[in-house]
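Contents: one structure, followed by commentary.
A short reminder: the numbers here are calculations on the coordinates, not readings from a lab. Please read all numbers here as calculations on a predicted model, not as lab measurements. Neighbour counts are summed over all protein chains in view; Cβ atoms, including those assigned to glycine, are modelled from backbone coordinates with ideal geometry.
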Amino acid sequence: MIAGSLLIPAAWVVWMLVRGAAVRAYPYDFVDPTTYGYPAVLATIGKILVLGTVIALLFWGIDRALVRWRGR
C-alpha cells in the first residue's frame with residue numbers, strides 16, 4: 001500500500017529529469033543536475049522519498065490505531 005502511494009511521485013521525478021534534460025529547464029533549482037550534479041540531485045530526491053515514506057507510514061499507523069480504537 002505504501003509503495004503504491006509512491007508510484008505517481010516516482011514517475012513524476014523520472015519524467016521531470018528526462019524532460020528537463022531534453023529542454024534544459026527544471027521546475028526546481030534543487031533538481032537541476034547541471035547546477036549540482038546527478039549525485040547531489042539524487043541524494044535530495046532520496047531524502048524527499050524517505051520523508052514521504054515516513055509520512056505515509058505515520059498516516060498508516062494512525063489509521064490502524066483508529067480502527068483498533070473504534071473496534072473496542
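Considering each residue of the stretch 4-25 in turn, at least one proves to be in contact (Cβ under 8 Å) with a residue 40 or more places away in the chain, within 13 Å of the chain's Cα centre (by Cα) and part of a helix (DSSP H, G or I). The residues of the stretch 14-28 that are loosely packed, with under 15 Cβ neighbours inside 10 Å and over 18 Å from residue 49 (Cα atoms), listed by number, are 18, 19, 21, 22, 23, 24, 25.
Taken residue by residue, the stretch 29-37 has no member that is exposed (fewer than 11 other Cβ atoms within 10 Å of the Cβ) and not charged (D, E, K, R).
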